[in-house]
Amino acid sequence: MMTVIYLKMTNKQGAKTMKPYKTITFGMAEFAYARHLRDELGHTGEIIYPNKDASKQDRDGVWLLLTITGERLGTVSPNGTVRTT
């Protein structure tokens, strides 16, 4: 499922316009999550990876990463921000 995100912007004349935001795939979100755990949080050893079928993408393009048992691992926004639980 691919979702296009739009950012509200104002042009030089003051009119509100919509600019498409970059979308991310599950693979991109999974990579950002794993990178965040290793590089930012210093995690070593095995990582619990999210399950593609259990994880969900909302209409804003934010991925909710879940394990196969439904345990929440975190979220990844289209701009790459990772929030772990």
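Some points to look at:
- Count of segment 27-59 residues, restricted to those that are open to solvent by 50 Å² or more (accessible area, probe 1.4 Å) and either of a type in the set (S, T, N, Q) or in contact with a Gly (Cβ under 8 Å, 6 or more places away or on another chain) (or both), is 1.
- Within segment 49-61, tally of residues that are modelled with pLDDT of 95 or more and assigned to a loop (DSSP other than H, G, I, E, B): 7
- Members of segment 60-80 that are over 16 Å from THR25 (Cβ atoms) and either open to solvent by 50 Å² or more (accessible area, probe 1.4 Å) or within 8 Å of the chain's Cα centre (by Cα) (or both): ILE68, THR69, GLU71, ARG72
The values are calculated or read from the model by the stated rules, or taken from the named source; none is laboratory data. Bear in mind that the values here come from a model prediction, so they are computed numbers and not experimental data. Please note: Cβ atoms are built from the backbone with ideal geometry, for glycine as well, and neighbour counts cover all protein chains shown. Ligands, DNA and RNA are excluded from the accessible area calculation, which covers all protein heavy atoms including side chains. Shrake-Rupley method; radii C 1.70, N 1.55, O 1.52, S 1.80 Å.
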